[in-house]
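Here is the structure we will look at.
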Amino acid sequence: MPTLKQFLNEYQVSHQNPLNSLIHMVCVPAIFFSTLALLWLIPVGRWLGLPADLAPWVNPVTIFALPTGLFYLRLSLGSFAAMVAWFAVSIAAILAIQQAGGPLLWIAVATWAIAWVVQIYGHKVEGAKPSLVDDLRFLLIGPLFVMDKVYRKLGV
């Protein structure tokens, strides 16, 4: 498996244009949140007949948290910690929207669709295809690209 530095270097190749890079800084977190929200709504726990207090917590997000976390941990402890924070913030927002009675499904669908359309536009401006076209693992690298940019801006 490539190292974190190799993944980030390869990701950077198709994100040189300042507009495309800025678009990714906004859209990657939006896609991350909305993807988790959409997966959160798949009622795997209910389908399995789990008790009502446990069923909402068993969904693709919680099922894939461990293997995804291990992927990030294998890259670096810092990557793992950053993604745990992204995960926690996203789940907190999902639960807050649900508790407020908000239309989580429609918020997630709209956010996901708009963010992807804008990202595709960014790659049109860039003149390069998205990294994930060649390797789906880049779906997991996008948030680390954003974090790398933030860390560099902060001098970390």
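Side notes on the structure shown:
- Considering only residues in region 57-85 that are touching a helix residue (DSSP H, G or I) at 6+ places or on another chain (Cβ under 6 Å) and without any contact (Cβ under 8 Å) to a residue 60 or more places away in the chain, the one that is farthest from TRP40 (Cα to Cα) turns out to be LEU73.
- Checked against the criterion of being in a helix (DSSP H, G or I), of a type in the set (S, T, N, Q) and surrounded by 14 or more Cβ atoms within 10 Å (Cβ to Cβ), region 56-66 contains one or more residues that satisfy it.
- Search result, residues across region 1-28 that are of a type outside the set (A, V, I, L, M, F, W, C) and more than 21 Å from ALA128 (Cβ to Cβ): THR3
- Scan of region 26-55 for residues that are under 19 Å from ASP148 (Cβ atoms) and surrounded by fewer than 15 Cβ atoms within 10 Å (Cβ to Cβ), ordered by number: VAL26
- Residues in region 87-111 that are within 24 Å of GLY69 (Cα to Cα) and loosely packed, with under 11 Cβ neighbours inside 10 Å: ALA88, ALA92.
This table checks each residue for (1) within 28 Å of THR3 (Cα to Cα); (2) aliphatic (A, V, I, L, M).
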residue: ASN20; (1), (2): yes, no
residue: CYS27; (1), (2): yes, no
residue: ILE31; (1), (2): yes, yes
residue: LEU38; (1), (2): no, yes
residue: PRO43; (1), (2): no, no
residue: ASP53; (1), (2): no, no
residue: THR68; (1), (2): yes, no
residue: ARG74; (1), (2): yes, no
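Readers should treat all values here as calculations from the given coordinates under stated rules, not as data from a laboratory. A quick note: this is a predicted structure, and the numbers were derived from the prediction, not measured. Please note: Cβ atoms are built from the backbone with ideal geometry, for glycine as well, and neighbour counts cover all protein chains shown.
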